[in-house]
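Just so you know, all these numbers are worked out from the coordinates, no wet-lab data involved. Source: prediction; values computed, not measured. All Cβ positions, glycine included, derive from the backbone under ideal geometry; neighbour counts span all protein chains shown.
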Amino acid sequence: MTPTIYFVRHGETDWNAEARLQGQKDIALNPVGRVQAEAAGRALAQMVAEPAELDFVASPLSRTVETMEILRGALGLAPGAYRRDPRLVELTFGRWEGQTWREVRRHDAALASLRERDKWNFTPPDGESYAMLRERLRPVVAELNRPTLLVSHGGVARVLLNLLAGVAEHEAPRVDIWQGRVLLLESGRHRWSDT
């Protein structure tokens, strides 16, 4: 049985604010993202009686690392005392990374249309599909052996919703994944923190 997972999406970056596809590009948090990371730490403190007892794991990209360290600081924990797992990086949008969806639709209209029809299975040029990401994440989930806080990315959260909370493949890619909040995945269900 999978232990309880507390999931936090990294805070906002300038590329998020510009609606650019980040994927695996290493883009830093902006000031809003730092505030969101601290808010996620406060939200976690309301959800977990003993946060220090959690296993803390983050994607190694700078936006997730900084989010984790700010969050841990908000909890009064040593910022650097957590693991990094490269399997938790965002799915890659390949050649589309750095573009907005408007730009993708203008330059690659046929492929953008195909993606809209089947977001789960579509693979961008030189990129990765949600289906591929799910296979990358299965062993990560299987290795979890105690309640865990994961700091990662929107695509990772959508796949976890599919794997652990029964969200259908055609619905999962369309779920909004909030920054500054905590997504609880437990016993086949999910819910968001209030703040």
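For a footprinting-style exposure proxy, rank H190, H153, H170 by other Cβ within 10 Å, fewest first.
With the sparsest Cβ surroundings first, the list reads H170, H190, H153.
Which residue fluctuates most in the GNM of the chain (Cα springs below 10 Å): R63, R136, R102?
Among R63, R136, R102, the largest GNM mean-square fluctuation belongs to R102.
Determine the gain in length on full extension of the stretch N145-E18; use 0.36 nm per residue of separation and subtract their C-alpha separation, reporting nm with one decimal. Write down the numbers at each step before the final one.
Details: separation 127, 0.36 × 127 = 45.72 nm, distance 3.79 nm.
Between N145 and E18, full extension yields 41.9 nm more.
Place a point 7 Å from Cα of A52 in the direction of its Cβ. Which residues in the range 155-186 have their backbone N less than 19 Å from it?
Flagged as within label range: none.
In terms of modelled amide H atoms, which long-range or inter-chain residues lie less than 5 Å from the amide H of G127?
Amide H neighbours of G127, under 5 Å, 5+ apart: R95.
Taking each pair of distinct Cα atoms in the chain once, what is the resulting Kirkwood hydrodynamic radius in Å?
Details: mean 1/r = 0.0595 Å⁻¹.
Hydrodynamic radius (Kirkwood, Cα only) of the chain equals 16.8 Å.
Just name one of V182, G80, T64: the one whose Cα is farthest towards the positive end of the charge dipole of the range 5-192 (beta-carbon charges, Lys/Arg +1, Asp/Glu -1).
V182
Each residue of the range 141-158 in turn: what ³J(HN,Hα) in whole Hz from Karplus with 6.51, -1.76, 1.60 and θ = phi - 60°, glycine and Pro shown as x?
5, 4, 7, 5, 10, 7, x, 9, 9, 10, 10, 8, 10, x, x, 4, 4, 5
Among S152, S129, S59, rank each residue by its count of other Cβ atoms within 10 Å, from fewest to most, as a rough exposure measure.
Numbers: S152 28, S129 19, S59 24.
With the fewest neighbours first, S152, S129, S59 line up as S129, S59, S152.
Taking the Cα centre as origin and putting +1 on Lys and Arg beta-carbons and -1 on Asp and Glu beta-carbons, what dipole magnitude results for the chain, to the nearest 20 debye? Walk me through the numbers before you get to the answer.
Details: 26 positive and 26 negative charges, 49 e Å.
So the magnitude is around 240 debye.
Where does each of M1, M47 land when they are ranked from fewest to most other beta-carbon atoms within 10 angstrom? Walk me through the numbers on the way to the answer.
Numbers: M1 4, M47 14.
Fewest-to-most Cβ neighbours within 10 Å comes out as M1, M47.
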